[in-house]
Amino acid sequence: LILPLGSLTAHQQAPYVNKALLYGPKGTGKTLVAEAICRETGANLINLSARNLDPGGPGSGRVKYPDKKGAQSAVMMINICFKVARALAPTVMLFDDIEWTFLTDKKKVKAQWPGEKPPSRFVKDFLKEAKKINKNDRILILGTSNRPFLLEKGDLKKFNAFFSNGKAPKKGDEEDKARALKLFLPLPDYASLQLLWKTLIVRHGGIVTDALDIQTLSWVAKSAGYSAGAINQVVSKVLTERRITRLAAKPLTGAEFIPPLSKIDPVFKEEYEQFAAWTQKNNPQGKPEEKPKKDDGKGKGKKDDGKKK
């Protein structure tokens, strides 16, 4: 992701990723990864997320893009964004919660979409412009999703087709170096949780002492299914300005973090299993290699047993 996007030489010589999907539960760092890619490559970030483009209710102050063609229409806005992305390359075009961009099911949109207008009203123009990206463009279309399983049937087919590597090149044709990537971001393991607790406490102004049982906190977070985002939220609530001033007299203890942690919903087992099932079915990079089928001796290619007729 990073080297071919940040280096023109690497982009021209090596395979590169121009479409990537980061999916996983809330708080696993999908948007943070997008910002880290921009920072490491020096890329510009254009946020075309469905929530960002929604006009909102009266008095929201957001720009309203009419659906019809015109100087300030949605079609023109998407077209200009891609032109700016080429001119200011390297560029990352971010689609946070990209499932909403592809979702056309009116019942689901009406029941769950918090915005004013349908989020999929940009999808046709977006796909049309995305097809125009060529091998010389250092543009990364980066989508994040915490509910990819909302997409079904035609929407899911279109979604998977967009984040696929396409057909293999024919003989004589130049191989397309562009690649698509689907990457699942899981919950942190026990060792990672210990590092997270220590790092976040220090970052928010706290001090880690022997009175603070990091191992127990990590085990609680691991067994319950808490994400890194949830831990960061808890640490920020506990370490207020008043509490930081009292650290010298009263060191932090693990008991202080349990009450605010219990008020946050973890990632439940059923939801995590949904991600595992979706990965198995829709992510080729996550599928195990198929075992070769055993030859039962039937059909064509059956060898002569050597017996004379």
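The values are calculated or read from the model by the stated rules, or taken from the named source; none is laboratory data. The structure displayed is predicted, hence computed values, not measured ones. Every residue, glycine among them, receives a Cβ derived from its backbone with ideal geometry; neighbour counts consider all protein chains shown.
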*Filter the stretch 137-193 down to residues that are assigned to a strand (DSSP E or B) and either at pLDDT below 85 or closer than 22 Å to residue 108 by Cα (or both), then give me how many there are.*
7
*Restricting the first residue to the stretch 174-194 and requiring it to be farther than 17 Å from residue 23 by Cα, which pairs with a second residue that is modelled with pLDDT under 95 and assigned to a strand (DSSP E or B) meet a Cβ separation below 7 Å and a spacing of at least six or different chains?*
177/16; 178/16; 178/18; 179/16; 179/17
*Which of the residues that make up the stretch 4-35 are free of Cβ contacts under 8 Å to residues at least 12 places away in the same chain and of a type in the set (D, E, K, R)?*
35
*Output for the stretch 100-158, where each listed residue is closer than 19 Å to residue 274 by Cα and hydroxyl-bearing (Ser, Thr, Tyr)*: 144, 145
*Positions within the stretch 19-53 being farther than 21 Å from residue 8 by Cβ and in a loop (DSSP other than H, G, I, E, B), in sequence order*: 24, 25, 26, 27, 28, 29, 48, 49
*Confirm whether residue 260 is part of a loop (DSSP other than H, G, I, E, B) and over 28 Å from residue 148 (Cα atoms).*
no
*Would you point out which residue out of 20, 34, 74 is surrounded by 20 or more Cβ atoms within 10 Å (Cβ to Cβ) and at pLDDT below 70?*
74
_Selection count, the stretch 237-279, where residues are among the charged types (D, E, K, R), within 20 Å of the chain's Cα centre (by Cα) and surrounded by 12 or more Cβ atoms within 10 Å (Cβ to Cβ)_ = 1
